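Visitor: Just dropping this structure here.
The values are calculated or read from the model by the stated rules, or taken from the named source; none is laboratory data. The structure presented is a predicted model; accordingly, all values stated were derived computationally and were not measured. Cβ coordinates were reconstructed from backbone atoms using ideal geometry, including for glycine residues, and neighbour counts include every protein chain displayed. Side chains included, ligands, DNA and RNA excluded: accessible areas come from the protein's heavy atoms. Shrake-Rupley method; radii C 1.70, N 1.55, O 1.52, S 1.80 Å.
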Amino acid sequence: MVEGDLHMNLILLGPPGAGKGTQAKMLTETFGIPQISTGDILRAAVKEGTPLGKQAQAFMDDGKLVPDEVVIGIVTERLQEPDCNQGFILDGFPRTVAQADALQENLRELGKELDRVIALQVDTEALVERLTGRRTCKSCGRGYHVKFDPPAVEGRCDACGGELYQRDDDREETIRKRLEVYERQTAPLIDYYRNAGLLIEVDGMQQIEEVRETLLAALRTE
Ligand code: AP5
Ligand code: MG
Ligand code: ZN
């Protein structure tokens, strides 16, 4: 099967630090389809001090979910952009059953369907280590890890030379809270999408490159 024939309306599902952003960036490069990260969109809004950012900041700093209607609104608009016509990778959305239901409805109205939902599985202690060591580029958003994926020059992005920073919500206390929120509000989506026949489970404990290979192989079957 050639790459162009793949149906690529994807969701990347997984706990904080599972590697959703890391793998989504690789998939966008491989397939030329956009990554839609609600976390990135919200962080950009906070940085710019827009009304959306002001509304979202307290929830994010607290490790809680931003209200469903806010993120549903963001994604509904984003999916109508022409660059989503060849496919898209949702990263960090949906995160509640209400968001998943809204997405189904929204895609139906747009005449689109989900093709796959990839669930990245990673142990809790590994997640904490990944998140405490994460660094992110201020300019292009690429993620790094001080130990597992260090930049060539400390504090600088390999891709664009931008400055690397540590996310406000990557403090250990907030990380634990985000993990609890994931278990309670987002983990039920694994059964939701398994029941819909869309779920592919990928071992996210492997090294970044190996996860990528596993994921690409899984997308190329069927
Ligand atoms: P969001 O930005 O989505 O954060 P998250 O879900 O907590 O996920 P992360 O971005 O922390 O992890 P990731 O899976 O992308 O991991 P990454 O690839 O960076 O959301 C932030 C906040 O925004 C939420 O708390 C909420 O308030 C709000 N929000 C967002 N979406 C929302 C929604 N839909 N509804 C309501 N609220 C919403 O990797 C992590 C680190 O590990 C990196 O350093 C990376 O280099 C490293 N790494 C990656 N893969 C590997 C590997 N295989 N081996 C070793 N290290 C690895
Ligand atoms: Mg992310
Ligand atoms: Zn960069």
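Visitor: Would you please name the residue that is least open to solvent (accessible area, probe 1.4 Å), looking only at residues in the stretch 197-206 that are in a loop (DSSP other than H, G, I, E, B) and touching a residue at least 40 places away in the same chain (Cβ under 8 Å)? Reasoning before the result, please.
Guide: First, the residues of the stretch 197-206 that are in a loop (DSSP other than H, G, I, E, B): 197-198, 204-206.
Now narrow it down to the ones that are touching a residue at least 40 places away in the same chain (Cβ under 8 Å): 198, 204-205.
Working: Leu198: 33, Gly204: 1, Met205: 84 Å².
Top of the filtered list is Gly204.
Visitor: Taking Lys147 as the residue in question, decide whether it is near ligand 1 (Cβ under 9 Å from one of its atoms) and surrounded by 14 or more Cβ atoms within 10 Å (Cβ to Cβ). I'd like the intermediate steps shown before the answer.
Guide: Working: near ligand 1 (Cβ under 9 Å from one of its atoms): yes; surrounded by 14 or more Cβ atoms within 10 Å (Cβ to Cβ): no.
So Lys147 fails the test.
Visitor: Pro15 is checked against (1) open to solvent by less than 60 Å² (accessible area, probe 1.4 Å); (2) within 16 Å of ligand 3 (Cβ to nearest atom) and fails just one. What number does that condition carry?
Guide: All conditions are met except number (2).
Visitor: Kindly establish whether Leu6 is of a type in the set (A, V, I, L, M) and modelled with pLDDT of 95 or more.
Guide: Details: of a type in the set (A, V, I, L, M): yes; modelled with pLDDT of 95 or more: no.
When the stated conditions are applied, Leu6 does not pass them.
Visitor: Next question, about the same structure. Scan the stretch 167-196 residue by residue and report those that are open to solvent by 90 Å² or more (accessible area, probe 1.4 Å) and farther than 27 Å from Gln104 by Cβ. Full working, then the answer.
Guide: Step one: filter the stretch 167-196 for residues open to solvent by 90 Å² or more (accessible area, probe 1.4 Å), giving 168, 171-173, 180, 183-184, 194-195.
Passing the criteria: Asp168, Arg171, Glu172, Glu173.
Visitor: Going through Gln99, Gln80, Gln104 one at a time, which residue ends up being near ligand 1 (Cβ under 10 Å from one of its atoms), over 23 Å from Glu173 (Cβ atoms) and modelled with pLDDT of 95 or more?
Guide: Gln99
Visitor: Could you please find all residues in the stretch 77-102 being of a type in the set (Val, Ile, Thr) and under 16 Å from the mean Cα position of the chain (by Cα)? Even if it seems obvious, please write down each step before you answer.
Guide: First, the residues of the stretch 77-102 that are of a type in the set (Val, Ile, Thr): 89, 96-97.
The answer is Ile89, Thr96.
Visitor: Under 9 Å between Cβ atoms, which residue pairs at least 6 apart in sequence (or on different chains) link something in the stretch 56-71 that is crowded, with 19+ Cβ neighbours inside 10 Å with a partner that is assigned to a loop (DSSP other than H, G, I, E, B) and of a type in the set (D, E, K, R)?
Guide: Final answer for the pair search is Leu65/Arg95; Val71/Arg95.
Visitor: Name the single residue, out of those in the stretch 157-166 being open to solvent by 80 Å² or more (accessible area, probe 1.4 Å) and closer than 17 Å to Thr22 by Cα, that is nearest to the chain's Cα centre (by Cα). If you could, list the steps in order and put the result at the bottom.
Guide: Just the residues of the stretch 157-166 that are open to solvent by 80 Å² or more (accessible area, probe 1.4 Å), to begin with: 158, 163, 166.
Subset that is closer than 17 Å to Thr22 by Cα: 158, 166.
Details: Asp158: 21, Gln166: 17 Å.
In this case the residue turns out to be Gln166.
Visitor: Restricting attention to strands (runs of 3 or more DSSP E) lying wholly within the stretch 68-162, give those where 1 or more residues are away from ligand 3 (no atom under 16 Å from the Cβ) and not β-branched (Val, Ile, Thr).
Guide: 88-91, 116-121
Visitor: I need the helices (runs of 4 or more DSSP H) fully contained in the stretch 1-67, keeping only those with at least 1 residues that are under 20 Å from Gln185 (Cβ atoms) and within 11 Å of ligand 2 (Cβ to nearest atom). First the steps, then the outcome.
Guide: Numbers: elements: 20-31, 38-48, 51-61.
Hits in the stretch 1-67: 20-31, 38-48.
Visitor: OK, next. For the stretch 130-143, which residues satisfy the criterion of being open to solvent by 40 Å² or more (accessible area, probe 1.4 Å) and either more than 18 Å from Leu164 (Cα to Cα) or in contact with a helix residue (DSSP H, G or I) (Cβ under 7 Å, 6 or more places away or on another chain) (or both)?
Guide: Residues of the stretch 130-143 open to solvent by 40 Å² or more (accessible area, probe 1.4 Å): 130, 132, 134-135, 138-140, 142.
Once the filter is applied, which keeps residues that are open to solvent by 40 Å² or more (accessible area, probe 1.4 Å) and either more than 18 Å from Leu164 (Cα to Cα) or in contact with a helix residue (DSSP H, G or I) (Cβ under 7 Å, 6 or more places away or on another chain) (or both), the stretch 130-143 yields Thr132, Arg134, Arg142.
Visitor: Scan the stretch 207-222 residue by residue and report those that are in contact with a helix residue (DSSP H, G or I) (Cβ under 8 Å, 6 or more places away or on another chain), open to solvent by 40 Å² or more (accessible area, probe 1.4 Å) and not β-branched (Val, Ile, Thr).
Guide: Listed by number, the list holds a single entry, Arg212.
Visitor: What are the residues in the stretch 143-162 that are within 20 Å of Asp40 (Cα to Cα) and either touching a Cys at 6+ places or on another chain (Cβ under 6 Å) or of a type in the set (A, V, I, L, M, F, W, C) (or both), if any?
Guide: Within the stretch 143-162, Cys157, Ala159, Cys160, Gly162 meet the criteria.
Visitor: Among the residues of the stretch 167-196, which ones are modelled with pLDDT of 95 or more and in a loop (DSSP other than H, G, I, E, B)?
Guide: Scanning the stretch 167-196 gives Ala187, Ala196.
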